[in-house]
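Data block below; observations after.
The values are calculated or read from the model by the stated rules, or taken from the named source; none is laboratory data. The model shown is predicted, which means the values in this text are computed figures rather than measured ones. Cβ coordinates were reconstructed from backbone atoms using ideal geometry, including for glycine residues, and neighbour counts include every protein chain displayed. Heads up: the accessible areas ignore ligands, DNA and RNA and are worked out on the full protein's heavy atoms, side chains in. Shrake-Rupley method; radii C 1.70, N 1.55, O 1.52, S 1.80 Å.
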Amino acid sequence: MNPRLAQLHPYPFQRLAALLADCRPPAELPHVSLAMGEPKHPAPQLVKDALCANLSGLSGYPATQGSPALRQACADWAERRYGVALDPVRQVLPVNGSREALFSLTQCLIDADGGAKPVVVSPNPFYQIYEGAALLAGAEPHYLNCEARNRFQPDWDSVPDEIWRRAQLLIVCSPGNPTGAVMGLADWQKLFALSDRYGFVIASDECYSEIYFDAPPLGGLSAARLSGRSLERLVMLTSLSKRSNVPGMRSGFVAGDAAILEKFLLYRTYHGSAMSLTVQAASQAAWNDEAHVESNRAAYAAKFAAVLPLLSPVLEVEMPEAGFYLWAKVPGGDDAAFARALFQQQHVTVLPGSFLARDAHGANPGRGYIRIALVAGQDECVAAAQRIVEFCRTQSAALTA
């Protein structure tokens, strides 16, 4: 067996299941799960229609590069959204969701045979695929703590020169999971300068980019355009899962540096990662439509407007810049104990923040926080928030009694 498999950590939801395994919550309270970032809004009818109208595609082998029509739809969307004109043949590659692409792109990019041990730099807390992909590629993860004092952004200046010299890949997530923080142009320009100096690739995970509440978040492609920079050593990964409520379709695309995508396509040809022709047709329909995305965004905004005023008096929590998570600081500072007791007493599941992060630089930046995913229906989210309020007030009363 591959010895690197032994380096992998349990997934956050495995840890959560173990934490709650022996709990016996009140049976009379319906369970509300706010732990997993799995969209629960209905899939758009136009996507369902396109799937059903193209079932004949199940009878054919798809090309790994995807159909010209799908690549064009992705390129057109990127131009509307980011103002960047992409070559749909050389700079766009459909993928089976951003998770699969993040993992396989890392395997493609990392050279573990070139001397010094390669480094993958990532935010902390982070999406666990970043770490797992780095470890299985033979790289060393380097975590940058994202804390409130720094707008939940990584402190790029804290990275030693020795790490930058070994860095082959830097993964950013904006809007961030779990904090919802968005990188500004100055953040991007600092990264571009570092990439130009040290030669590492920037992979921008933007799967939450279409759930926002004010202005559209700046993405890597548009930051490069605004900076007068080419797309060299830059790739953007996006997905329909959150944007269009179709996580089960496993559909997204990667765009950016044509030289990187050429090698990535070669890798994927051998990896067996072609997207079904049926899913390609449905994906094309989704990328070509914005009405369902606007409706989806409005539904999330309504949930935040209903839930945040309830939670603010009992938890230290603020409106995120984007995404569908609340990153809430809990009383007492023990996020795992809070999540366990909340489930035990109120039958509401949230994810301990420390499960999403690693101890790095003397701290676990997720410790003391919980991630609340507002993915359920609004009535369920409000009911869960009311139970969280009751739980917090009961806990507070018990401590002061």
Within the bounds of region 261-275, is there any residue that is closer than 21 Å to E38 by Cα and assigned to a helix (DSSP H, G or I)?
no
Filtered residues of region 337-367 (kept if open to solvent by 20 Å² or more (accessible area, probe 1.4 Å) and touching a residue at least 40 places away in the same chain (Cβ under 8 Å))
R340, A341, F343, Q344, Q345, H347, R358, H361, A363
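Look through A282, A286, A301, A322 and report the one residue that is in contact with a Phe, Trp or Tyr (Cβ under 7 Å, 6 or more places away or on another chain), surrounded by 21 or more Cβ atoms within 10 Å (Cβ to Cβ) and touching a residue at least 60 places away in the same chain (Cβ under 8 Å). Please lay out each step first, then the result.
On the way: A282 fails: in contact with a Phe, Trp or Tyr (Cβ under 7 Å, 6 or more places away or on another chain); A286 fails: in contact with a Phe, Trp or Tyr (Cβ under 7 Å, 6 or more places away or on another chain); A301 fails: surrounded by 21 or more Cβ atoms within 10 Å (Cβ to Cβ).
Just a single option satisfies the conditions, and that option is A322.
Is there a residue in region 24-46 that is part of a helix (DSSP H, G or I) and open to solvent by less than 50 Å² (accessible area, probe 1.4 Å)?
no
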Yes/no for L105 being open to solvent by less than 10 Å² (accessible area, probe 1.4 Å), of a type outside the set (S, T, Y) and outside any helix (DSSP H, G or I)
no
If I ask for residues that are touching a Ser or Thr at 6+ places or on another chain (Cβ under 9 Å) and open to solvent by 30 Å² or more (accessible area, probe 1.4 Å), which ones from region 64-102 would you list?
Q65, R81, G83, N96, R99, E100
Subset of region 162-200 [in contact with a helix residue (DSSP H, G or I) (Cβ under 7 Å, 6 or more places away or on another chain), open to solvent by less than 50 Å² (accessible area, probe 1.4 Å) and within 20 Å of F213 (Cβ to Cβ)]
P178
Within region 213-249, restricting to residues that are basic (K, R) and touching a residue at least 40 places away in the same chain (Cβ under 8 Å), the one that is surrounded by the most Cβ atoms within 10 Å (Cβ to Cβ) is K242
